[in-house]
Amino acid sequence: MSASSANSSSPTLAEAQREMRFAYYDGAPGLLTSATVWAIAGVVSLVTPPTRAIWTLLLGGMLIFPVSVLLTKALGRPGKHRADNPLGSLALATTFWMILMLSLAFGVSRLRPEWFFPAMLLIIGGRYLTFATLYGLRLYWICGAVLAATGCAIGLANAAPTLGAFAGAAIESGFAAVLFVSARRTATA
């Protein structure tokens with residue numbers, strides 16, 4: 001941030017987004033960590049009943065932020081934004097929204113276990129739409145839309161839970177790779 005913005009009471013939206021991108025490596029470590037949790041849930045769904053895969057994603061999801069912060073720090077970024085960054089409240093609000101939606105996805109899974117992963121793809125896709133504002137990156141619009149569309153398609157097909165879990169892993173891994181490359185280019189430019 002520039003010296004003049006450091007003296008003002010609140011950074012501009014562009015400055016706040018720039019700080020978020022730098023602090024969290026464009027969000028790529030979070031996507032990669034989340035993709036890993038989805039993949040583990042997929043593996044669990046191959047060898048156990050769907051309820052264990054559901055619990056794997058729910059419990060593993062609690063580790064996504066702390067693990068991604070550790071990964072971000074290992075990559076040389078702070079993994080933390082300034083307290084006066086107004087986008088911090090957006091990140092917190094979307095986290096609470098997501099947690100509330102988890103109860104909905106879990107409730108749906110009690111009726112139809114095969115709907116849990118499509119519901120989660122929709123929830124996570126919706127959350128990533130807000131990351132377009134959080135980071136100022138349009139790529140998150142595409143990521144969120146792909147996750148949501150995939151969730152709808154898998155849900156309508158009544159596909160096995162394994163497909164939903166591995167679809168989430170594949171989509172997030174792909175977008176994480178693009179974001180890692182983009183963030184690295186931006187840092188060296």
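The values are calculated or read from the model by the stated rules, or taken from the named source; none is laboratory data. Worth saying up front: this structure is predicted, and the values here are computed from it rather than measured. Note that each Cβ is placed from the backbone with ideal geometry, even for glycine, and that neighbours are counted across all protein chains shown.
Structural remarks
- Taking the listed residues GLU19, GLU15, the one that is in a helix (DSSP H, G or I), surrounded by 15 or more Cβ atoms within 10 Å (Cβ to Cβ) and in contact with a Lys or Arg (Cβ under 8 Å, 6 or more places away or on another chain) is GLU19, with no other qualifying.
- If the condition is being of a type in the set (Ser, Thr, Tyr) and at pLDDT 95 or above, then segment 62-115 contributes SER68, THR72.
- Selection count, segment 45-58, where residues are under 13 Å from ALA160 (Cα atoms) and either touching a Gly at 6+ places or on another chain (Cβ under 7 Å) or crowded, with 16+ Cβ neighbours inside 10 Å (or both): 4
- In a residue-by-residue description of segment 176-183, the property of being touching a residue at least 24 places away in the same chain (Cβ under 8 Å), surrounded by 17 or more Cβ atoms within 10 Å (Cβ to Cβ) and within 13 Å of the chain's Cα centre (by Cα) applies to at least one position.
- Restricting attention to segment 130-150, the residues that are within 22 Å of ALA105 (Cα to Cα) and among the β-branched types (Val, Ile, Thr) add up to 3.
- Unique residue being on the phi < 0 side of the Ramachandran plot, of a type in the set (S, T, N, Q), touching an Asp or Glu at 6+ places or on another chain (Cβ under 6 Å) and not in a loop (DSSP other than H, G, I, E, B) when the list is SER68, SER34: SER34
- Any hit, segment 22-29, residues being outside any helix (DSSP H, G or I) and touching a residue at least 60 places away in the same chain (Cβ under 8 Å): yes
- Being surrounded by 20 or more Cβ atoms within 10 Å (Cβ to Cβ) and either within 19 Å of VAL37 (Cβ to Cβ) or without any contact (Cβ under 8 Å) to a residue 40 or more places away in the chain (or both) holds for only one residue in ILE142, ILE171, and it is ILE171.
- Residue within segment 76-88 that is hydrophobic (A, V, I, L, M, F, W, C), crowded, with 17+ Cβ neighbours inside 10 Å, closer than 23 Å to ALA28 by Cβ and in contact (Cβ under 8 Å) with a residue 40 or more places away in the chain present: yes
- Residue in segment 102-135 that is surrounded by the fewest Cβ atoms within 10 Å (Cβ to Cβ), counting only those that are touching a Phe, Trp or Tyr at 6+ places or on another chain (Cβ under 7 Å) and hydroxyl-bearing (Ser, Thr, Tyr): SER109
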